[in-house]
Amino acid sequence: MDIHWGALGTVLVAALGVTVGVVVLFSLGVAAWSRATATAPAQGLRGRPAGAVALLCFAACLAVAGYAIDVIVPG
């Protein structure tokens, strides 16, 4: 049995990069969501851009997870 260490390292780096990216996106989404809900009642429409950013961050996380499931599950 021969292990291709270069390919294994590439997969490791890609997996770590995607993991860090998803965690950062989710963290930004939570921060934007808390900002949107904290300012929405007091300032009217000012919380809407933060809410939109939060939803975009969560949608991007969902898209990455969906793509990963699509890659893993055959068929």
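Numbers at a glance
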quantity: Pick from the range 65-75, criterion under 21 Å from Ala14 (Cβ atoms) and outside any helix (DSSP H, G or I), ranking: modelled with the highest pLDDT; calculated: Val73
quantity: Residues located in the range 39-64, provided they are surrounded by fewer than 16 Cβ atoms within 10 Å (Cβ to Cβ), modelled with pLDDT under 90, small (Gly, Ala, Ser) and under 22 Å from the mean Cα position of the chain (by Cα); calculated: none
quantity: Long-range neighbours under 9 Å by Cβ, at least six apart or interchain, first residue closer than 20 Å to Ala65 by Cβ and at pLDDT 95 or above within the range 1-30, second surrounded by 11 or more Cβ atoms within 10 Å (Cβ to Cβ) and β-branched (Val, Ile, Thr); calculated: Val18/Val64; Gly21/Val64; Val22/Val64; Leu25/Val64; Leu28/Val53; Gly29/Val53
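The values are calculated or read from the model by the stated rules, or taken from the named source; none is laboratory data. Source: prediction; values computed, not measured. Backbone-built Cβ (ideal geometry, glycine too); neighbour counts: all protein chains shown.
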